[in-house]
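Student: I have a structure here, written as C-alpha cells, and I will follow up with some questions on it.
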Amino acid sequence: MKLEPYFEDRRLEPIRDKVVRGVRLDFDDGVMLYRTHDLLGLGYLANLVRERLHGSVTYFNVNRHINPTDVCVASCRLCAFGKRIRDPRAYTMSLEQVWEAAGRGYEEAATEFHIVGGLHPELTLDWYCEMLRGLKARFPEVHLKAFTMVEVAYLARREKIPVREVLLRLREAGMDSMPGGGAEIFSERVRRIICDHKIDGEEWLEVARTAHQLGIRSNCTMLYGHIETEEDRVDHLLRLRALQDETGGFVTFIPLAFHPDNTALRHLPKTTGFADLKNVAVSRLLLDNIPHIKAYWVMMTPRIAQVAQRFGADDIDGTIVEERIYHDAGATTRQALRRSELLELIRKAGRQPVERDTLYRPVARTETTFTVLI
Ligand code: V47
C-alpha cells in the first residue's frame with residue numbers, strides 16, 4: 001500500500017498535483033507556498049523534485065574563498081563587509097598577497113577559488129586580469145569562479161567599455177565562471193532601501209545574460225529575511241527562471257539569509273531555521289529549470305544545511321577556508337569545514353556525498369591531488 005502524504009494545509013494539494021505532473025508553478029502558487037506554515041508538506045514536495053533530479057546525491061566541493069579587497073564605493077545598508085577607502089579597518093591585498101592567500105589551506109587541494117570583493121575605486125581591469133593570470137600560473141588546475149555581476153558592471157563603467165568587453169578580457173585572463181552574489185532582491189522599492197547605489201535588478205540580469213551568451217556559466221542568489229515581501233521573493237525567483245529559460249546559463253541557485261549584525265539594518269531580526277528551510281524548498285519548486293539548489297552552510301549553519309538536504313537542496317557548498325562577508329555581519333559559524341566533516345554531515349543526513357568541481361563534474365581524489373572525471 002502506498003501511503004499518501006497528509007497535508008496539514010489542504011491548499012498544498014493542487015500544487016502537489018502540479019508537481020507530480022511536472023506542471024510549472026505560477027506566481028500565485030509561489031506566494032501560497034511562502035505563506036503556508038505546513039513546512040513538512042512543503043518539504044515533501046520539494047524533496048520529491050530534488051530526488052527526481054538528483055536521487056540521493058548531495059554535492060559538495062573543496063574550495064577556497066578569496067576576497068582581495070573590502071573597499072567598496074557602494075555602502076549598501078545590507079552589507080557589513082564593504083568599507084570606505086579611508087576607513088582604517090579597510091584592506092586591499094597586493095597581487096602577491098592574493099596569490100599567497102590562494103595557497104593557504106591548499107593541503108586539501110582545492111578545485112575552485114571563489115573570488116569576490118568590494119567595488120574598489122582604484123583597482124583597474126588590468127590589475128584583476130593580472131591577478132587571474134597569476135592564479136592560473138600558480139594553480140593551473142583550479143577553477144576560477146570570480147566576480148559578481150555587480151563587480152563586472154562597475155568595471156565596465158569605470159573603464160568606459162561595454163560589459164561584454166570586460167567579460168571577454170576577464171575570461172581571456174582565466175575567469176572560468178561567475179558566482180551568484182549581488183542579486184539581492186530585484187524589487188526596486190526594496191533595493192532603494194537596502195542597496196541603493198548598486199546596479200538595479202534589470203542590469204544584474206543583463207550582465208548575467210551577456211555572460212551566458214558568451215558561454216560563461218554563473219550562479220544566482222536571492223537575499224531574503226530583511227524588508228522584502230513574499231511577492232518580492234516570488235517575483236525575484238520568476239525573473240531568474242525567465243532568464244534561465246532564455247540562456248540556460250545558471251548552474252546553481254543559493255538562497256541567502258540576511259545577517260543584520262554590524263549593518264545599517266542591524267535593528268532587523270535574524271531569520272529563523274523555519275524561514276531558511278522554507279526558502280530552500282520554495283526555490284526548488286519554483287526554479288524548475290535551474291539544476292542545483294545550494295544550502296550554503298556558512299550562512300545557514302551546518303545543522304540547518306544538513307536538514308535542508310531533505311527539503312529541496314542537493315548541495316552544501318564546500319570547505320571555504322576563509323569567509324569574511326557573513327562573519328563581518330555576525331555569522332557565528334566556523335570559517336572552514338574539512339572535507340571529512342562535509343562527508344560526515346552528508347552521510348548522517350542519509351545522503352550520498354559526491355565531490356564535484358564547479359560545473360558539477362564528479363571529482364576523484366588521492367590524498368593530495370584530484371582528477372575531474374569526464
Ligand atoms: O553578494 C552581503 C550577500 C553575497 C550580507 O555563487 C549578505 O556559489 C547576508 O553570493 N547578510 C555573497 N547576505 C555570498 C554569495 C555566495 C555565497 C556562497 C556561494 C556562492 C556561489 C555565492 O552575500 C553578497 C550579498 O548578496 N550579503 N551582506 C549580509 N549582511
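Student: Under 23 Å from residue 213 (Cα atoms) and either under 22 Å from the mean Cα position of the chain (by Cα) or within 16 Å of the ligand (Cβ to nearest atom) (or both): does that describe residue 116?
Tutor: yes
Student: Every residue in segment 132-159 that is within 20 Å of residue 215 (Cα to Cα), out of contact with any Ser or Thr (no Cβ under 8 Å at 6 or more places or on another chain) and assigned to a loop (DSSP other than H, G, I, E, B), please.
Tutor: Of everything in segment 132-159, those that are within 20 Å of residue 215 (Cα to Cα), out of contact with any Ser or Thr (no Cβ under 8 Å at 6 or more places or on another chain) and assigned to a loop (DSSP other than H, G, I, E, B) turn out to be 147, 148.
Student: Moving to a separate point now. Out of all the residues in segment 311-347, which are over 16 Å from the mean Cα position of the chain (by Cα), open to solvent by less than 30 Å² (accessible area, probe 1.4 Å) and among the polar types (S, T, N, Q)?
Tutor: Matches in segment 311-347: 333 only.
Student: Is there any pair with a first residue in segment 17-46 that is of a type in the set (S, T, N, Q) and a second that is part of a helix (DSSP H, G or I) whose Cβ atoms are under 8 Å apart and which are 6 or more apart or on different chains, and what are they?
Tutor: 36/12; 36/42
Student: Find the residue count for segment 69-96, including only residues that are touching a residue at least 24 places away in the same chain (Cβ under 8 Å) and more than 14 Å from the ligand (Cβ to nearest atom).
Tutor: Total satisfying the criteria: 7.
Student: While we're looking at this one, here's another question. In the set 173, 156, 137, 208, which member is under 16 Å from the mean Cα position of the chain (by Cα) and modelled with pLDDT of 95 or more?
Tutor: Within the list 173, 156, 137, 208, the selection yields 208.
Student: Only one of (1) within 13 Å of the ligand (Cβ to nearest atom); (2) under 22 Å from residue 334 (Cβ atoms); (3) in contact with a Pro (Cβ under 8 Å, 6 or more places away or on another chain); (4) open to solvent by less than 20 Å² (accessible area, probe 1.4 Å) is not met by residue 270, so which one is it?
Tutor: Checking residue 270 against (1) within 13 Å of the ligand (Cβ to nearest atom); (2) under 22 Å from residue 334 (Cβ atoms); (3) in contact with a Pro (Cβ under 8 Å, 6 or more places away or on another chain); (4) open to solvent by less than 20 Å² (accessible area, probe 1.4 Å), the one that fails is (4).
Student: What tally of residues in segment 217-256 results from selecting those that are buried (at least 19 other Cβ atoms within 10 Å of the Cβ), among the β-branched types (Val, Ile, Thr) and within 16 Å of the ligand (Cβ to nearest atom)?
Tutor: Counting residues in segment 217-256 that are buried (at least 19 other Cβ atoms within 10 Å of the Cβ), among the β-branched types (Val, Ile, Thr) and within 16 Å of the ligand (Cβ to nearest atom) gives 4.
Student: Could you list all residues from segment 24-38 that are touching a helix residue (DSSP H, G or I) at 6+ places or on another chain (Cβ under 8 Å) and not small (Gly, Ala, Ser)?
Tutor: Correct list: 24, 25, 27, 29, 31, 32, 33, 34, 35, 36, 38.
Student: Anything in segment 151-171 that is without any contact (Cβ under 8 Å) to a residue 40 or more places away in the chain and charged (D, E, K, R)? List them, or say none.
Tutor: 151, 157, 158, 159, 160, 165
Student: Within segment 274-310, how many residues turn out to be away from the ligand (no atom under 16 Å from the Cβ) and either among the aliphatic types (A, V, I, L, M) or open to solvent by 30 Å² or more (accessible area, probe 1.4 Å) (or both)?
Tutor: Of the residues in segment 274-310, 12 are away from the ligand (no atom under 16 Å from the Cβ) and either among the aliphatic types (A, V, I, L, M) or open to solvent by 30 Å² or more (accessible area, probe 1.4 Å) (or both).
Student: Against the definition (among the β-branched types (Val, Ile, Thr), within 16 Å of the ligand (Cβ to nearest atom) and surrounded by fewer than 18 Cβ atoms within 10 Å (Cβ to Cβ)), how does residue 185 come out, yes or no?
Tutor: no
Results for (1) under 20 Å from residue 223 (Cα atoms); (2) of a type in the set (D, E, K, R), shown as yes or no for each residue.
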residue	(1), (2)
16	no, yes
19	no, no
31	yes, no
44	no, no
47	no, no
61	no, no
81	yes, no
87	no, yes
110	no, no
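Student: Sort through 336, 331 and tell me the only one that's of a type in the set (A, V, I, L, M, F, W, C), touching a residue at least 40 places away in the same chain (Cβ under 8 Å) and within 11 Å of the ligand (Cβ to nearest atom).
Tutor: 331 is the lone residue from the list that is of a type in the set (A, V, I, L, M, F, W, C), touching a residue at least 40 places away in the same chain (Cβ under 8 Å) and within 11 Å of the ligand (Cβ to nearest atom).
Student: Looking only at segment 170-182, count how many residues are open to solvent by less than 80 Å² (accessible area, probe 1.4 Å) and more than 12 Å from the ligand (Cβ to nearest atom).
Tutor: Total meeting the criteria: 5.
Student: Moving on. Give the residues of segment 115-126 that are surrounded by 14 or more Cβ atoms within 10 Å (Cβ to Cβ) and part of a helix (DSSP H, G or I), sorted by residue number.
Tutor: 125, the sole residue that qualifies.
Student: Pairs needed: first member in segment 172-195, farther than 20 Å from residue 259 by Cβ; second member anywhere, of a type in the set (Val, Ile, Thr) and near the ligand (Cβ under 9 Å from one of its atoms); C-beta distance under 9 Å; at least 6 residues apart or different chains.
Tutor: That search, which allows pairs on different chains as well, returns 176/358; 177/251; 177/358; 178/148.
The values are calculated or read from the model by the stated rules, or taken from the named source; none is laboratory data. Given the structure is predicted, the values throughout are model-derived calculations rather than measurements. Note that we place each Cβ from the backbone using ideal geometry, even for glycine, and neighbour counts take in every protein chain shown. Accessible surface areas use protein heavy atoms only, side chains included; no ligands, DNA or RNA. Shrake-Rupley method; radii C 1.70, N 1.55, O 1.52, S 1.80 Å.
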